[in-house]
Amino acid sequence: MSLRALLYRRPSEPSVVQVVFDQAIYLVRLRRHRQARRYTLRIDASLREVVLTMPPRGSVREAKEFAQKHGGWIAARLKRLPEATPFADGTEVPLRGIAHRIVHRRGERGTVWTEESSCGDRLLCVAGGPAHVNRRINDFLKREAVRDLQAASRLYAGELGVTIRRISVRDPSSRWGSCSNTGVLSFSWRLILAPSFVLDYLAAHEVCHLLELNHSPRFWRLVTRIYPQYERAKVWLDIHGPDLHRYGLPAARTADEI
């Protein structure tokens, strides 16, 4: 929240309101935005939460009434989210598009590594106590994402003769990648869960933005030049991309958890 927006926020103002629909309670996070002109709702898929954006001078009462009015929409959209899959012993997680089963190896040394079982299953092994499994898997996947995205981005940057200032990996809710006008590329770490051709496409896409900060015909000619098979990756993301947001996260909170 910006400093200017904070000026309109009362110290005792809640950050979350509850919406009741069909005997369930849904938590809605309030967010003021200085450029907002009306109340809007959206679902943050990466956090599996409902976010209500308010105008700077909007009231909590009006916000709650607006959210309650759209209780059916909230319930339906949350229900449409893929079932959350935490990083836990026995869970299957895709790594570069290949299913790996998480195996907790409490007594072994190390952190996280991959191996193949005697029957050919791909395993993602985690050492340490049970409380550390989720964090260690998360950290491992982010490191792998950084490594793959750096290698792919530098490869395509070399083909175009452009310079990348920095590459960062985050967990945005609605974008797989972005490029700033200062040469900084940002990506979702969840791309490491997708097949490698998808990650390669996103790296090529954002590198092309270093020359064209738009989606003009010239931009797509650049993409075609360095990654001709990009349509295949776009189709994969359209179909399977939303599913990647369910890994490593708790389920959406309702009345049963309040």
Answer from 200, 238, 171 - the residue that is under 24 Å from residue 86 (Cα atoms), in contact (Cβ under 8 Å) with a residue 24 or more places away in the chain, out of contact with any strand residue (DSSP E or B) (no Cβ under 6 Å at 6 or more places or on another chain) and of a type in the set (Asp, Glu) = 171
message = Name the single residue that is surrounded by the most Cβ atoms within 10 Å (Cβ to Cβ) among those in the range 127-163 being outside any helix (DSSP H, G or I) and among the hydrophobic types (A, V, I, L, M, F, W, C).
response = 127
query = When the range 77-126 is examined, which residues are found to be surrounded by 11 or more Cβ atoms within 10 Å (Cβ to Cβ), modelled with pLDDT under 95 and either among the small types (Gly, Ala, Ser) or on the phi > 0 side of the Ramachandran plot (or both)?
reply = 84, 88, 110
ask   = If a residue has to be over 21 Å from residue 143 (Cβ atoms) and open to solvent by 20 Å² or more (accessible area, probe 1.4 Å) to count, how many in the range 176-196 make the cut?
value = 4
note = residue 244 meets each of (1) crowded, with 20+ Cβ neighbours inside 10 Å; (2) modelled with pLDDT of 95 or more; (3) of a type outside the set (D, E, K, R) with one exception, condition (2)
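The values are calculated or read from the model by the stated rules, or taken from the named source; none is laboratory data. These numbers come from a predicted model, not from an experiment. Heads up, the Cβs are rebuilt from the backbone with ideal geometry, glycines too, and the neighbour counts pull from every protein chain shown. Only protein heavy atoms, including side chains, enter the accessible area calculation; ligands, DNA and RNA are left aside. Shrake-Rupley method; radii C 1.70, N 1.55, O 1.52, S 1.80 Å.
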